[in-house]
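Read through the structure below, which is laid out as structure tokens, and then see the notes.
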Amino acid sequence: MRLTHRQRLVLTATAVTGLLLAVLFVVAATIYRGVEVVEEYDGLSPTVNQAMLGAKGGHVHDEVAVIGRAEPEVSLAVLRNGILISHTGPLDVSKVRIDGRRRVGGVEITCLTARSGPYFVVAGRPWRHREEILRRFATVLALLWPLLVGLIAGATALASRATFKPLDELRRQADEAHKGGLHGRLHLTGHDEYSDFAASLNGFLDSIETLVENEEQFVADAAHELRTPLTALRGRVETALLRERSPEEYRATLGVVLEEAERLSALVEALLGSATAVSARPAAPLDLQAEVERAHARWLDRFTDADVVLKVTARHAKANVTPSEIGSVLDNLLGNALRASPPGTTCRIELKKSGDRVHLAVQDEGPGIPPELRERIFDRFVRGEESRNRATGGFGIGLSLCRRIVEGRGGQIAVVPSKKGARFEVDLPA
């Protein structure tokens, strides 16, 4: 049978308490027995002293007789030079020579001795009355032990029930929340550990809900984006099959089909890149100036072919990113800038360090980003107007990927107001 945490807590507390009480009671009984022995010696000491005084004073028989009448249960013997000269009591203790418990005549007695000159006195009292007291004391302890253990077990059970009550409430709420899907949350009042746990769990559930909603939105948007080229492909093929056509017409149709297939392939690659490009691994400080210069070299020919000047103003700066991450950010920003830049304009890449921050900017002279889109432009499948549309080959995925990379490294990316064109600024910790 598997025990619950509550049952284990009660059993453990009861067992430990019971063991401690048993040890305590044994120690108490031992101490009490020692006290009884000391009291017995203290009770015999006046008798021994009285008999010794009588022996020294020459009237030992009178003192022994007085003792015999006053304490008939006491056995007393007085010896001189080892010879018994007087005695009283029911037992013969004349042969006892040391203090302690002895069995004389089949009776357990406590003996106390004294020696002075030629005289030796020994007195003994039966232990049975002390044994009865000790027996009663042990009986009380034996009856008290299960009572105390039971009371402690009950108190522990009540305390554990009160302690685990918030956990039971959490479990009940979790069952209710499970029925409500991802929208259910836990609610506990107070400021104890369970409330903190519920708050942390709610934060975790919020993250999961946001993640699932984002993924659902991503799937819906991806399906919508994939539907467009697939619809175009199907329409072209169906149109081509409506009647017999010349080889030139089939060739033109196949060219359009190939163009849409390439666009579809590019969209799939972009979706895969958006899903897998961000790394959670730690990154060493990277020379961003060198990465900016490499990006400039990669894109220079394409900007030149489009009659757009690509300028770089870069100062030495380092940030904790990987080459593939910063390369992906630069390629997406430069790709957007190239698609938006009319012939005869200039695009600029700027890099500088300010304190413990690194600032990277890409500025074009295109139509810019409308103010109402500056916050949403970094969401998946959101595109700007005019030149930033499907006709120019953008899918609205690159900027979303840039934000994931930059924020994953503790930075920020934003579109800032600009007199001409669009200006994207990246801020990273140095």
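Mind telling me which of the residues LEU21, LEU112, LEU91 ends up being in contact (Cβ under 8 Å) with a residue 24 or more places away in the chain, among the aliphatic types (A, V, I, L, M), surrounded by 13 or more Cβ atoms within 10 Å (Cβ to Cβ) and assigned to a loop (DSSP other than H, G, I, E, B)? Before you say what the answer is, go through the steps one by one.
On the way: LEU21 fails: assigned to a loop (DSSP other than H, G, I, E, B); LEU112 fails: assigned to a loop (DSSP other than H, G, I, E, B).
None of the other options fit; the residue is LEU91.
Any idea which residue in segment 336-348 is nearest to the chain's Cα centre (by Cα), counting only those that are surrounded by 17 or more Cβ atoms within 10 Å (Cβ to Cβ) and part of a strand (DSSP E or B)? So that I can check it myself, show each step before the final result.
Keep residues of segment 336-348 that are surrounded by 17 or more Cβ atoms within 10 Å (Cβ to Cβ), which gives 336-341, 345, 347-348.
Then drop every residue that is not part of a strand (DSSP E or B), which leaves 347-348.
Values: CYS347: 51, ARG348: 49 Å.
Top of the filtered list is ARG348.
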Restricting to segment 60-78, and then to whatever is in contact with a Leu (Cβ under 9 Å, 6 or more places away or on another chain) and not in a helix (DSSP H, G or I), can you tell me which residue is surrounded by the fewest Cβ atoms within 10 Å (Cβ to Cβ)? VAL74
Restrict the check to segment 49-56 and report whether at least one residue is within 60 Å of the chain's Cα centre (by Cα) and surrounded by 13 or more Cβ atoms within 10 Å (Cβ to Cβ). no
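Output the number of residues of segment 290-300 satisfying the condition of being buried (at least 17 other Cβ atoms within 10 Å of the Cβ) and either out of contact with any helix residue (DSSP H, G or I) (no Cβ under 8 Å at 6 or more places or on another chain) or closer than 10 Å to LEU351 by Cβ (or both). Step through it out loud before you land on a result.
Filtering segment 290-300 down to residues buried (at least 17 other Cβ atoms within 10 Å of the Cβ) leaves 291-292, 295-296, 299.
Now narrow it down to the ones that are either out of contact with any helix residue (DSSP H, G or I) (no Cβ under 8 Å at 6 or more places or on another chain) or closer than 10 Å to LEU351 by Cβ (or both): 291-292, 296.
Final tally of qualifying residues: 3.
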Consider ARG33 carefully, then state whether it is under 60 Å from the mean Cα position of the chain (by Cα) and closer than 30 Å to ASP168 by Cα. no
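Have a look at LEU351, LEU330 and point out the one that is buried (at least 17 other Cβ atoms within 10 Å of the Cβ) and without any contact (Cβ under 8 Å) to a residue 40 or more places away in the chain. So that I can check it myself, show each step before the final result.
Values: LEU351 fails: without any contact (Cβ under 8 Å) to a residue 40 or more places away in the chain.
So the residue among LEU351, LEU330 that is buried (at least 17 other Cβ atoms within 10 Å of the Cβ) and without any contact (Cβ under 8 Å) to a residue 40 or more places away in the chain is LEU330.
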Of everything in segment 345-381, what is of a type in the set (Gly, Ala, Ser), under 21 Å from VAL312 (Cβ atoms) and at pLDDT below 95? Give them in sequence order. SER354, GLY366
Could you list all residues from segment 118-140 that are part of a helix (DSSP H, G or I) and under 17 Å from VAL37 (Cβ atoms)? ARG128, HIS129, ARG130, GLU131, GLU132, ILE133, LEU134, ARG135, ARG136, PHE137, ALA138
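Is it true that LEU205 is part of a helix (DSSP H, G or I), more than 23 Å from LEU9 (Cβ to Cβ) and either at pLDDT below 80 or of a type in the set (Ser, Thr, Tyr) (or both)? Step through it out loud before you land on a result.
Numbers: part of a helix (DSSP H, G or I): yes; more than 23 Å from LEU9 (Cβ to Cβ): yes; either at pLDDT below 80 or of a type in the set (Ser, Thr, Tyr) (or both): yes.
The answer is yes for LEU205.
May I ask you to list the residues in segment 354-368 that are outside any loop (DSSP other than H, G, I, E, B), of a type outside the set (A, V, I, L, M) and either over 37 Å from the mean Cα position of the chain (by Cα) or not assigned by TED's automatic domain parsing to the domain that holds PRO417 (or both)?
We begin by selecting, within segment 354-368, every residue outside any loop (DSSP other than H, G, I, E, B); these are 354, 357-363.
After this cut, where a residue has to be of a type outside the set (A, V, I, L, M) as well, the list is 354, 357, 359, 363.
Residues satisfying the conditions are SER354, HIS359, GLN363.
Within segment 404-430, how many residues turn out to be closer than 23 Å to GLU365 by Cα, at pLDDT 90 or above and either among the charged types (D, E, K, R) or part of a helix (DSSP H, G or I) (or both)?
Initially, segment 404-430 is screened for residues closer than 23 Å to GLU365 by Cα, giving 412-427.
Now restrict to residues that are at pLDDT 90 or above: 412-416, 421-427.
Next, only the ones that are either among the charged types (D, E, K, R) or part of a helix (DSSP H, G or I) (or both) stay: 423, 425, 427.
Count: 3.
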Filtering segment 76-104 down to residues that are among the small types (Gly, Ala, Ser) and more than 16 Å from TYR119 (Cβ to Cβ) yields GLY89, GLY100
Starting from residues that are among the charged types (D, E, K, R) and part of a loop (DSSP other than H, G, I, E, B), keep the ones in segment 94-109 and report whichever is farthest from HIS59 (Cα to Cα). ASP99
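The values are calculated or read from the model by the stated rules, or taken from the named source; none is laboratory data. All values derive from a computational prediction rather than experimental measurement. FYI the Cβ positions are ideal-geometry reconstructions off the backbone, even for glycines, and counts take in every protein chain you see.
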